[in-house]
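Notes for the one structure printed next.
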Amino acid sequence: MAAFTLQGDGTIDNIYHFLWVSDRDEYQIEKNKDGFYIPDTVLISFRQPTYWFFSSSFERRLLKKRQDNLTFDNIMKSMSHRKKPACEILAYFVSTEPDGSTSIEYFDDVSLRDFLYNQTEKKEGILQKFVDPNEDANYLIKATWSPQLCRIEKRRNVNKLANRRIDRFSRAVTFEGAHQQSEAAAMVGNTLSSRIEEQCADIANRLAAVGKGEFRVKRMTVFFKVGADNKLWFLWCSSLRIERMGGKDGQKGDMQQQELRPGTETSIRVAPSAHVSIPPSARPPPPAP
């Protein structure tokens, strides 16, 4: 585990490693009764797939593909396999830009093939299968969790997901788009909010268990979506802070230490290739600390 840094801002891709390890039988932790689900998630480094995580509905746990399965052909086949899709979007790529912002690029069949087979830029980030929402418009749920508080926000795109007269980027963006491209949406009832809060606590417990009690999650920002199958899908983490058990911030032991500014939040924007211009004045204001 020494090679994996856990905390930071941007795309916290190593969280999938910790969550995968936490599902091993040696970690006897109480897990969320609803199961833990992520879409097919491929970590990309220097244009090459390095790890591929996915959920098993049968085993109700997080699994990892063998290295010999990490081929562009297999990735394309898996991302393209969708039952009764609501739109042509197959996947999206989440990455951290040099300025610290997070960009999201949405792919249909043609653009995903181009990204996998013809990409020359050595990008690093997360390629994730698109989950059709349980509503007619795309949305994301953002949870900012700490042991004392869980703040939940939902933003829904103003366009119908199936309306192909509008480009796919304008139909998919939520928090990362211009403010007028999405709207704050109410969380109807307490059931979903409770599910999300329980899922966040489950993630924090899993990370702490893998850390063998040396640290706990101090704060994290994570994104979810309820799919058309009514499953709650964990998508990705944009900010994570841990503290050693004893009160000092940072990681301990063999885990790599990072100098981080506590209290910062990562901005999210559409990838440059999306061809959507978003002036800073049009972006939603950052959340209050």
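The values are calculated or read from the model by the stated rules, or taken from the named source; none is laboratory data. Given the structure is predicted, the values throughout are model-derived calculations rather than measurements. Glycine also receives a Cβ, built like all others from the backbone with ideal geometry; neighbour counts cover every protein chain displayed. Ligands, DNA and RNA are stripped out before the accessible areas are found, and what is left, the full protein with its side chains, is counted by its heavy atoms. Shrake-Rupley method; radii C 1.70, N 1.55, O 1.52, S 1.80 Å.
Figures for the structure shown
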| quantity | calculated |
| --- | --- |
| Meets criteria (modelled with pLDDT under 95, more than 20 Å from the chain's Cα centre (by Cα) and on the phi > 0 side of the Ramachandran plot) for Gly100 | no |
| Residue that is surrounded by the fewest Cβ atoms within 10 Å (Cβ to Cβ) [pool: residues in segment 121-160 that are free of Cβ contacts under 8 Å to residues at least 60 places away in the same chain and of a type in the set (S, T, N, Q)] | Gln148 |
| Restricting segment 212-224 to residues that are out of contact with any helix residue (DSSP H, G or I) (no Cβ under 8 Å at 6 or more places or on another chain) and over 13 Å from Ile152 (Cβ atoms), the residue that is most open to solvent (accessible area, probe 1.4 Å) | Lys212 |
| Contacts under 6 angstrom Cβ, first residue in segment 13-41 being open to solvent by 10 Å² or more (accessible area, probe 1.4 Å), partner among the aromatic types (Phe, Trp, Tyr) and at pLDDT below 85, 6 or more apart | Asn14/Phe4 |
| Residue in segment 52-63 that is under 16 Å from Lys123 (Cβ atoms) and at pLDDT below 90 present | no |
| In segment 185-204, the residues that are of a type in the set (Gly, Ala, Ser) and either at pLDDT 95 or above or outside any loop (DSSP other than H, G, I, E, B) (or both) | Ser193, Ser194, Ala201, Ala204 |
| Any chance Ile44 is open to solvent by less than 50 Å² (accessible area, probe 1.4 Å), β-branched (Val, Ile, Thr), outside any loop (DSSP other than H, G, I, E, B) and in contact (Cβ under 8 Å) with a residue 60 or more places away in the chain | yes |
| Matching residues, segment 61-92, being assigned to a loop (DSSP other than H, G, I, E, B) and either within 16 Å of the chain's Cα centre (by Cα) or closer than 30 Å to Arg165 by Cα (or both) | His81, Arg82, Lys83, Lys84, Pro85, Ala86, Cys87, Glu88, Ile89, Leu90 |
| Residue within segment 237-254 that is among the aliphatic types (A, V, I, L, M), crowded, with 19+ Cβ neighbours inside 10 Å and at pLDDT 50 or above present | yes |
| Condition check for Asp25: at pLDDT 90 or above and not in a strand (DSSP E or B) | no |
| Single residue of segment 93-120 satisfying the filter (assigned to a strand (DSSP E or B) and small (Gly, Ala, Ser)) that is surrounded by the fewest Cβ atoms within 10 Å (Cβ to Cβ) | Ser95 |
| Residue within segment 146-162 that is of a type in the set (Asp, Glu), at pLDDT 95 or above and under 16 Å from the mean Cα position of the chain (by Cα) present | yes |
| Among the candidates Arg195, Arg206, residue that is open to solvent by 20 Å² or more (accessible area, probe 1.4 Å), closer than 25 Å to Ser55 by Cβ and within 19 Å of the chain's Cα centre (by Cα) | Arg195 |
| Near pairs, Cβ below 7 angstrom, 6+ apart or cross-chain, from segment 69-92 (modelled with pLDDT of 95 or more and open to solvent by 20 Å² or more (accessible area, probe 1.4 Å)) to any residue that is in a helix (DSSP H, G or I) and aliphatic (A, V, I, L, M) | Phe72/Leu116 |
